[in-house]
Amino acid sequence: MELRDLQRMTVVKLREEGLKHEGIVGVHVMNKKQLIEALAPRLGIDLEATVRAVRERFSGDKTALKLDIRALKDERDVALAAHDAATVAQARQRIKKTQTSVTAPGRAGPYDRCAGIAG
C-alpha cells in the first residue's frame, strides 16, 4: 500500500485499517491526517521521504510556470487593449490552468502538498 492509497481512503476505511493494527490507540477520535500519520509507519511508508520527493519534483517547475503566467498575462493585456474578447477568454483560461498547476501540482492530495507533515 502506498501513501496515495491511504489518501484516497475515507476516514471510516482508515479507522477500520487502524483497528487492525494493535499499536494504534484512539482511532475513533483521530482525523484523516492523524490516521494517515499513524498508519504510514506501520505499512512501511516513509512520509518524510515522500514529501521530499514531491517537493523536489515540483520545485523546479514552479519558477518556469510563474514565468509562463507572466507571459500569458502580457498576452491577455494585449488582447484587452485590442478588444479581442475571444483571445482574452482563451488567455484567462490558460492563466487559470497554469495557476492551478502551480498551487496544486499534479492535482496532488493534501499530503503530497506537504500540508502539515513536514515543515
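Label region 36-90 by shape, choosing from rounded, prolate and oblate, from the square roots a ≥ b ≥ c of the eigenvalues of the Cα gyration tensor; if a/c is under 1.5 it is rounded, and otherwise prolate applies when a/b is larger than b/c, oblate when it is not. Kindly include the intermediate steps, with their values, before the conclusion.
Values: a/c = 7.92, a/b = 3.47, b/c = 2.28.
Verdict is prolate for region 36-90.
For the pair residue 11 and residue 25, how long in nm is the line joining their label points, each one 7 Å along Cα→Cβ?
Between residue 11 and residue 25, the simple spin-label model gives 2.2 nm.
Please rank 30, 1, fewest neighbouring Cβ atoms within 10 Å first, as an exposure proxy.
Values: 30 19, 1 12.
By the 10 Å Cβ count, ascending: 1, 30.
A short reminder: the numbers here are calculations on the coordinates, not readings from a lab. None of the values given here were measured: they were computed from a predicted structure. Cβ coordinates were reconstructed from backbone atoms using ideal geometry, including for glycine residues, and neighbour counts include every protein chain displayed.
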